[in-house]
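One structure is given here, and the rest of the page talks about it.
Where a number appears in this text, it was derived from the coordinates with a stated rule and is not lab data. Everything numeric here is computed off the predicted structure, so don't read it as measured data. With ideal geometry, Cβ positions are generated from the backbone for all residues, glycine too; neighbour counts draw on all protein chains shown.
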Amino acid sequence: MIDMDSSLQMPLRPACHAGLREWSLVAAVNDDHVLESTLLASPAIAHGCQWIAKRGFASAGQAYNAGLDEARSDIVVFAHQDVFLPEAWLAGLGNALQQLALTDPQWAVLGSFGVTRSHPAEMRGYCYSTGLRRTLGAPFASPLPARTLDEFVLVVRKSSGLRFDEQLPGFHLYGADICLQAEARHLGSYILSAFCIHNANGIDRLPYAFWQSYLYLRRKWWHRLPVTTCCTTLTKGCLPIVRRLAGEMRNSLRPRATGHRSDHVAALYDQLSQSDPQIFVAPIAL
């Protein structure tokens, strides 16, 4: 049994992924079974990984800043406890770091899924969601500039000086916030092409805590609105909130099936990789 209350240096192997020799992994933990069967079952964390678990914090910002302070590597990955990171994910991250070393060495934040800076904005990334019961996105060759990133996997360059906002309540929208912080400092945020599994239960509606985070960010970034995230859009008006709540009310009258967390995520990954060989391959820049 791993001591979850302390920082742990995982067994080191010779680095085999270009651009990434050592890295730190931080997770806010409240369910040991999910943690051990998913994130700690990830093949990627055996490669030069410093593992840091954080418990009992009131917000993601507090937990993640505590982990950031303990991190020994400049590359710090923040992942939900229900994320499965295969070796191909690590290869994809290494490839992205290698490219960014040439194109934007002062990058600040990476993520596995997010909203692009293009016009019109697109949701891009490459992952499988058990909650949605489908693969999201497809592989792409080079990191894509992002306006906001989803929270299930974030990568922060510690030397960028970025910190998570400890006043942001709860555990929602901190991916959008740290990207906006980077933007305010003229630092880059990017979506990386690296397949992983978000082994989460599906949801019928966004919780009240999400809207608390929404309203906090709406006030904080008022001068930069609108801001589109993977869940909704932050605007000066309340139309997105009204539309979302109206849609959730309609869904409650006509319930739809949602996905459930897999108890055998490694087997699920094997199944997915048999149907999609690209999962094993980290895209190479053209």
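Other residues with beta-carbon under 14 Å from the beta-carbon of Asp150 carry, at +1 per Lys or Arg and -1 per Asp or Glu, a net charge of -2.
Beta bridges per DSSP, both residues in the chain: antiparallel share near 60 percent. Using all pairs of distinct alpha-carbon atoms, the Kirkwood hydrodynamic radius of the range 168-246 works out to 14.0 angstrom. Its residue count N fixes a reference of 2.2 N^0.38 Å for the range 20-113, and the Cα radius of gyration divided by that reference is 1.08.
Taking every C-alpha pair closer than 8 Å and separated by at least 6 residues, the mean separation divided by the residue count of the chain gives a relative contact order of 21 percent. In terms of its C-alpha gyration tensor, the range 146-286 comes out oblate, because a/c is 1.5 or above while a/b does not outweigh b/c. In terms of its alpha-carbon gyration tensor, the range 98-212 comes out oblate; a/c meets the 1.5 threshold, while b/c is at least as large as a/b.
The C-alpha atoms of the chain occupy a region whose extents along the principal axes are 53, 42, 41 Å, arranged from largest to smallest.
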